[in-house]
Amino acid sequence: GAGVSQSPSNKVTEKGKDVELRCDPISGHTALYWYRQSLGQGLEFLIYFQGNSAPDKSGLPSDRFSAERTGGSVSTLTIQRTQQEDSAVYLCASRRGTAETQYFGPGTRLLVL
Amino acid sequence: DQQVKQNSPSLSVQEGRISILNCDYTNSMFDYFLWYKKYPAEGPTFLISISSIKDKNEDGRFTVFLNKSAKHLSLHIVPSQPGDSAVYFCAPRAQGGSEKLVFGKGMKLTVNP
């Protein structure tokens, strides 16, 4: 597709369950980011992938959060043992090479009950 | 500690008038400053950017001004249109490493017909 796609668009889960969120970046974009936006807040950086380099995980809030990027394309963000404070919109963005502009997907709205 | 501040949470203007959105930052290592527009239930859409070596960048109705000494930037929209009604985020880029974007909390702009 032409843009960044994410699935699912919405996810409701029970506290303690694991969830997986998927991101398909723009074809040819080597850099991929995950951010999250909690209610009333700006976007918060979570993790960054660039080619075959080691990811920058400095924004992950706890060890319950992990992410993979397979084959330099699709990425999956996994949240284990979800908590209510994990409820947020999780946004994926991709960037071409050294360009400064990141292009965002529509996000996954996660609600933990 | 907020590195990026958008101190006014909302702004309301009449169609055809100028909208001015302000952003203050603390990190002198930011090298690019991006503005994103976000509609409800959608991901942020890139609007305009400015390099730290410039003080003005113009694209159609949108102009961004950067005052590095004051660590302040502003987005001017003129003339404002009802379709400009959205949440606007100031997002400087952290130089080097992941080059992640550091977002402000956003400002909701309403343009009244």
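The values are calculated or read from the model by the stated rules, or taken from the named source; none is laboratory data. Keep in mind that what you see is a predicted model, and the values were worked out from it rather than measured. Please note: Cβ atoms are built from the backbone with ideal geometry, for glycine as well, and neighbour counts cover all protein chains shown. We work out accessible area using only protein heavy atoms, side chains counted, and drop any ligands, DNA or RNA first. Shrake-Rupley method; radii C 1.70, N 1.55, O 1.52, S 1.80 Å.
Taken over the C-alpha atoms, segment B:4-112 has Rg and Dmax values of 13.2, 42 angstrom. Given the convex hull over the Cα atoms of segment A:5-108, what projected area results after averaging over all orientations, in nm²? One quarter of the hull surface, i.e. the mean projection, equals 6.3 nm². Calculate the FRET efficiency for residue B:28 and residue B:56 from the Cβ-Cβ distance with a Förster distance of 22 Å, rounded to the nearest 0.05. With a Förster radius of 22 Å, E is 0.70. Annotation note: GluC sites (Glu not before Pro) in segment B:6-92 located in DSSP loop regions with a Cβ neighbour count of at most 16 within 10 Å are B:15, B:42. Build a GNM of chain B with springs between Cα atoms under 10 Å apart, and of B:92, B:40, B:79 the one that fluctuates most is B:40. Think of each Lys and Arg Cβ as +1 and each Asp and Glu Cβ as -1; about the Cα centre, that makes the dipole of segment A:5-108 roughly 100 debye. Bridges between two residues of the protein assembly as shown, per DSSP, are antiparallel at a rate of about 90%.
Placing unit charges on C-beta atoms (Lys and Arg positive, Asp and Glu negative, everything else neutral), compute the dipole magnitude of the protein assembly as shown about its Cα centre in debye, rounded to 20.
Values: 25 positive and 21 negative charges, 30 e Å.
Dipole of the protein assembly as shown, to the nearest 20 debye: 140 debye.
Remark: the protein assembly as shown projects, on average over all directions, an area of 12.5 nm² (convex hull of Cα atoms).
Inter-label distance, residue A:10 to residue B:3: 3.4 nm, where each label sits 7 Å from its Cα along the C-beta direction.
Could you list, in their original order, any pairs among A:57/B:100; B:38/B:105; B:5/B:108; A:57/B:5; B:5/B:71; B:37/B:108 whose Cα atoms are separated by more than 18 Å? Intermediate values should be presented prior to the final figure.
Working: A:57/B:100 11 Å; B:38/B:105 12 Å; B:5/B:108 14 Å; A:57/B:5 24 Å; B:5/B:71 11 Å; B:37/B:108 10 Å.
Result: A:57/B:5 exceed 18 Å.
On the accessible surface of the protein assembly as shown, probed at 1.4 Å, how many percent belong to carbon and sulfur atoms?
47
Which FRET efficiency value, to the nearest 0.05, do you get for residue A:74 and residue A:38 by plugging their Cβ-Cβ distance into 1/(1 + (r/R0)^6) with R0 = 22 Å? Present the calculation step by step, with values, prior to reporting the outcome.
Working: r = 25 Å, r/R0 = 1.14.
Step by step, r from the Cβ atoms, then E = 0.30.
Treating only the Cβ atoms of Lys and Arg (+1) and Asp and Glu (-1) as charged, compute the dipole magnitude of segment B:4-112 about its Cα centre; round to the nearest 20 debye. Please list the in-between numbers first.
Numbers: 13 positive and 9 negative charges, 46 e Å.
Charge dipole of segment B:4-112: 220 debye, to the nearest 20.
Ligands, DNA and RNA are left out, and with a 1.4 angstrom probe the accessible area of segment A:5-108 is 47 Å² per residue.
Considering the dipole of chain B built from charges on the beta carbon (Lys and Arg +1, Asp and Glu -1) around the Cα centre, which of B:30, B:18, B:43 is farthest to its positive end? With unit charges placed on the Cβ atoms, the residue in question is B:30.
Label sites at residue B:112 and residue A:109, each approximated as a point 7 angstrom past Cα along Cα to Cβ, lie 2.8 nm apart. Here segment B:4-112 carries DSSP beta bridges of which approximately 90% are antiparallel, counting only pairs with both residues inside.
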